[in-house]
Amino acid sequence: MLPDLIFALFATGILVGAGLIIAARNPMLGMLGMLVTFINAAGLFILFGAEFLGLLLIMVYLGAIAVMFLFVLMTIDLEFFKLREKPKAYLPLGLLTVAVLAGEFILAANYGLFSTNVTMLPTGEQPQNIIQIGNVLFTTYVLPFQLSGLVLLTAMVGAIVLTHRPRSDVKRQSITKQVLRTKEEGLTMTKPKLGHGTGTNVAKHWKPKSVAK
Amino acid sequence: MFYTLTLSHVLTLSALLFTMGMAGIVLNRRNIIAILMCLELVLLSVSINLVGTSYFRADITGQIFSMFILTVAAAELAIGLAIVTLFFRNRGTIEIDAADLMKG
C-alpha cells in the first residue's frame with residue numbers, strides 16, 4: 001500500500017507544480033513550479049526503479065536548465081510582466097480544445113490497448129538499473145547515443161552563434177591585418193633637420209595600428 | 001511492489017501533465033519563457049510515460065528513450081533561450097505579440 005501512496009504523493013506534486021507554472025504571473029514563481037515538478041518527477045522515476053534516470057533528471061533539470069532559465073530571467077527586464085490584460089478571444093476555444101484533448105487521452109489511457117490490468121511482469125533476478133542501461137545503451141543503441149551527442153554539440157554551437165555579437169569598441173589582434181601590412185604603410189623614411197624632430201607629417205602617416213601588445 | 005497501481009494510472013498522470021503543458025502553451029500568450037517551461041512539461045510527460053511503461057513491461061528500452069528525450073529537451077531549451085535573449089536584445093520585450101515582423 002505504501003508505494004501506491006508514494007506514487008499519489010509524487011503525482012500530486014507534479015500536477016501542483018505544473019499548475020503553478022501555468023498560473024504564475026511572475027516567471028520566477030513559474031520557475032519554482034518547475035523545480036517542484038521536476039523534483040517530484042525524479043522521485044517518481046526512482047519509485048519506478050529508474051534510479052539513474054531520476055538522478056539524471058535532478059542533475060540536468062535542476063542543475064543546468066533551471067540555472068539557465070534563471071540566468072536568462074536575470075538578463076531581461078522583468079518589469080513588463082506586469083502587462084496590460086488583453087481581451088482573450090481565444091480563451092474559450094483554447095479551453096475547449098484542451099478539455100477535449102484531456103478527455104481523449106484519459107479515455108485512451110484507461111480503455112485503450114494498455115487496458116487497466118497491466119501489472120508488473122514477472123522478472124527474475126535483475127542486475128542494477130545502471131548496469132542494465134549500460135548494457136543496452138552501448139550496444140544496441142550506440143548510434144542513437146552518438147547522435148544525441150551530436151545534437152548537444154549542435155545546440156551548443158547554435159546557442160553561441162546566435163547570441164554572439166562582434167564588438168567594435170575593444171582592441172583585439174587581427175592576425176590577417178598584421179600579416180598583410182606592407183612596408184609602405186608601416187614605414188616612413190624622413191631626414192629630420194637637426195633640432196626639429198621628425199616633424200608632423202610623419203605623425204600623419206603613422207598611426208598606431210592594433211598590433212600585438 | 002504496487003498493490004493497486006497499474007499502467008493506466010501512470011498513463012493518466014502522463015495524459016494530465018501533457019494536457020496541462022498544452023493548456024499552458026495555448027492559453028499563455030504573455031511571454032516566451034512561460035511557453036518554454038510548458039514545453040518542458042510536455043516532454044516530461046512523455047518521459048513519465050516511457051518510464052512507467054518500462055517498469056510495467058520490465059523492459060529497459062523505455063528508460064533509454066527517456067534519456068534521449070532529456071538530451072533533446074536540453075538542446076531545444078538552449079537554442080530556445082538563445083533565441084529569447086536575441087529577441088529581447090532586438091525588440092526590448094519577450095511578449096509573444098511583439099514577434100509580428102512576419103505579419104503572421
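Some notes on this structure:
- Taking 7 Å steps out from each Cα toward its Cβ at residue A:108 and residue B:89 produces label points 4.0 nm apart.
- Percentage relative contact order, chain B, counting C-alpha pairs under 8 Å, at least six apart: 28 percent
- In order along segment A:19-35, phi translates into HN-Hα couplings of x, 5, 4, 5, 8, 5, 7, 8, x, 5, 5, x, 4, 4, x, 5, 4 Hz, rounded to whole numbers, per the Karplus curve 6.51 cos²θ - 1.76 cosθ + 1.60 with θ = phi - 60° and x for Gly and Pro.
- In sequence order, calculated HN-Hα J values of segment A:45-53 (Karplus, 6.51, -1.76, 1.60; Hz; x Gly/Pro): 4, 5, 4, 8, x, 9, 5, 4, 5
- The peptide list A:169-181, A:60-72, put in order of mean Cβ contacts within 10 Å with the highest first, becomes A:60-72, A:169-181.
- Taking N as the residue count of segment B:7-95, its C-alpha radius of gyration divided by 2.2 N^0.38 Å amounts to 1.28.
Taken together, the values in this text are just the output of simple stated rules run on the coordinates, not laboratory data. The structure displayed is predicted, hence computed values, not measured ones. Cβ coordinates were reconstructed from backbone atoms using ideal geometry, including for glycine residues, and neighbour counts include every protein chain displayed.
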